[in-house]
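Structure first, then comments.
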Amino acid sequence: GIDATLNYPMYYAIRNGYQQKQSLYNLGTAYRQQNTLKNPGWEVNFIDNHDTDRFLQMNGVTDQQYRSALAYLFFMEGIPCVYYGTEQLYRGRVADNSNRQPLWPSHYNNDTYMYGFLKNLSAAHEHFQVWTTTYEERWRDEQVYCFVRGLLLICTSNTPGQAQARTIPNLPFAGKQFCNWMWQDAGCSEGASTMTIIVPSSGEPLILYGK
């Protein structure tokens, strides 16, 4: 049998939610369908590859939308797969093969903001051994989606330019401090099992952890 497959159902759900700004409520529905598989953790998850237009190719899509989609990709159930050139914010279409442009003209620049962002996502994925934890949805509506993996809370929105505040229950922060993985210099605060979480107007995803 086949041990793992490219996860096209979740590819469409992620693109619809974060790129096209359709309801993120549907993201949770798609995940529930995936979770009926025998081994959902073996699915290879992606948001663009050599057979698709790149995420940023769509007119009007922002880097922040891309980062929200990538945050979901790294911490959802399954194996995250990042297409080369993502760290350089490459655009490109299948129609003219521009989605397969060579990487060397970028001089393999590792000083881009996206390179650092992906490095931080990868570090969190490894540090918290996400694959050993359970995916638990905590909030979903048209504009905000939040879930936990162990001591991690990931909150994303599809509305860059507009802050989104939600009161999220059943968080892993009771009796702990919570910190922002992406902004370690910001310090930590006292946590609780129910908290009001604000996804900033920048549209950047929140990756919070308890300690």
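The values are calculated or read from the model by the stated rules, or taken from the named source; none is laboratory data. Bear in mind the structure is a predicted one, so any value in this text is a computation, not a measurement. Cβ coordinates were reconstructed from backbone atoms using ideal geometry, including for glycine residues, and neighbour counts include every protein chain displayed.
Rundown of residues vs (1) within 22 Å of residue 18 (Cβ to Cβ); (2) in contact with a helix residue (DSSP H, G or I) (Cβ under 6 Å, 6 or more places away or on another chain), yes/no style:
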| site | (1), (2) |
| --- | --- |
| 115 | yes, yes |
| 143 | yes, no |
| 157 | yes, no |
| 176 | no, no |
| 192 | no, no |
| 206 | yes, no |
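Conditions (1) touching a Leu at 6+ places or on another chain (Cβ under 8 Å); (2) among the polar types (S, T, N, Q); (3) crowded, with 16+ Cβ neighbours inside 10 Å, marked per residue:
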{"site": "24", "(1), (2), (3)": "no, no, yes"}
{"site": "38", "(1), (2), (3)": "no, no, no"}
{"site": "47", "(1), (2), (3)": "yes, no, yes"}
{"site": "78", "(1), (2), (3)": "no, no, yes"}
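Does the range 48-62 include one or more residues that are in a loop (DSSP other than H, G, I, E, B), of a type in the set (A, V, I, L, M) and touching a Gly at 6+ places or on another chain (Cβ under 6 Å)? No, there is no match, as no residue in the range 48-62 is in a loop (DSSP other than H, G, I, E, B), of a type in the set (A, V, I, L, M) and touching a Gly at 6+ places or on another chain (Cβ under 6 Å).
Of everything in the range 179-199 that is at pLDDT below 90 and part of a loop (DSSP other than H, G, I, E, B), the residue that is nearest to residue 68 (Cα to Cα) is 183.
So in the range 182-199, with the set limited to residues that are hydroxyl-bearing (Ser, Thr, Tyr) and within 14 Å of residue 138 (Cβ to Cβ), which one is nearest to the chain's Cα centre (by Cα)? If you could, list the steps in order and put the result at the bottom.
Filtering the range 182-199 down to residues hydroxyl-bearing (Ser, Thr, Tyr) leaves 189, 193-194, 196.
Applying the additional criterion that residues be within 14 Å of residue 138 (Cβ to Cβ) yields 193-194, 196.
Numbers: 193: 23, 194: 22, 196: 20 Å.
Top of the filtered list is 196.
Does the range 50-67 contain any residue that is buried (at least 19 other Cβ atoms within 10 Å of the Cβ), over 20 Å from residue 112 (Cα atoms) and modelled with pLDDT of 95 or more? Within the range 50-67, not a single residue is buried (at least 19 other Cβ atoms within 10 Å of the Cβ), over 20 Å from residue 112 (Cα atoms) and modelled with pLDDT of 95 or more.
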